[in-house]
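As structure tokens, the structure follows; a few thoughts come after it.
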């Protein structure tokens, strides 16, 4: 009918790291008529392409081109979006990976600090901005995308492992804290999946899966309110086992898993 107001969305979903990889796959997994998507990323052309694909699927899409560590402008944008479309689901997927080059001894402070800044502190910045409103509404779901590297540090990616272990611990603590307020937290620890990040990984990628399959697994976990999800299970089991084995034996096993991560 002419002059009718647009129908309000039935669900609002915010996703960081939405310009590529798992974030982009999750955006496409949630895109549908009646869904409002807030897609956040740094790579404008790739982010716009993901947004267009989601609009083609019928979603209402807003794009935020931000670094998740930008506390002031990013927080302002997130709060404004949440005021227009109160978020039902917040997926914190933004992340980077790096590691020492072949022959290097350890990782530089700058390289380690940047991974912790984006993967851990950027996640905290995102959640802390929106959590008070979610708790006040008494509902909402938060998914934190950590990594199987959070279970047992990878010797050739110390900064990445530290950032994801910190994110996993943050999510586990947050879940116990906010669940009584009606906010559910899902801590996600995936293994290898197709993405630009995995493309830079030079070494074995056991049991790798497509980004779309990983996104489907994660969406099912979020929608069903699961508190934790780790996959693929054989790799998750192996890394957990390495963590509980005597340290010398676990170190020997992990040293045999050789790789390096090419610079972006």
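The values are calculated or read from the model by the stated rules, or taken from the named source; none is laboratory data. These numbers come from a predicted model, not from an experiment. Here the Cβ positions follow ideal geometry from the backbone for every residue, glycine too, while neighbour counts run over all protein chains shown.
Numbers for the structure displayed
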{"read-out": "Condition check for residue 240: in a helix (DSSP H, G or I) and in contact with a helix residue (DSSP H, G or I) (Cβ under 8 Å, 6 or more places away or on another chain)", "value": "no"}
{"read-out": "Residues satisfying the stated conditions in the range 20-36, i.e. farther than 25 Å from residue 117 by Cα, free of Cβ contacts under 8 Å to residues at least 40 places away in the same chain and surrounded by 16 or more Cβ atoms within 10 Å (Cβ to Cβ)", "value": "31, 35"}
{"read-out": "Residue ranges of helices (runs of 4 or more DSSP H) in the range 115-207 with at least 3 members within 20 Å of residue 237 (Cα to Cα), touching a strand residue (DSSP E or B) at 6+ places or on another chain (Cβ under 9 Å) and at pLDDT 95 or above", "value": "158-178"}
{"read-out": "Odd one out for residue 13, checked against (1) touching a helix residue (DSSP H, G or I) at 6+ places or on another chain (Cβ under 7 Å); (2) farther than 21 Å from residue 124 by Cβ", "value": "(2)"}
{"read-out": "Matching residues, the range 35-61, being in contact with a strand residue (DSSP E or B) (Cβ under 7 Å, 6 or more places away or on another chain) and part of a loop (DSSP other than H, G, I, E, B)", "value": "42, 59"}
{"read-out": "Selected residue (criterion: nearest to residue 31 (Cα to Cα)) from residues of the range 62-85 that are in contact with a strand residue (DSSP E or B) (Cβ under 6 Å, 6 or more places away or on another chain) and in a loop (DSSP other than H, G, I, E, B)", "value": "85"}
{"read-out": "Condition broken by residue 226, with the remaining ones in (1) touching a helix residue (DSSP H, G or I) at 6+ places or on another chain (Cβ under 7 Å); (2) touching a residue at least 24 places away in the same chain (Cβ under 8 Å); (3) assigned to a loop (DSSP other than H, G, I, E, B) satisfied", "value": "(1)"}
{"read-out": "Residue 151 vs. criteria under 14 Å from the mean Cα position of the chain (by Cα) and within 30 Å of residue 110 (Cα to Cα)", "value": "no"}
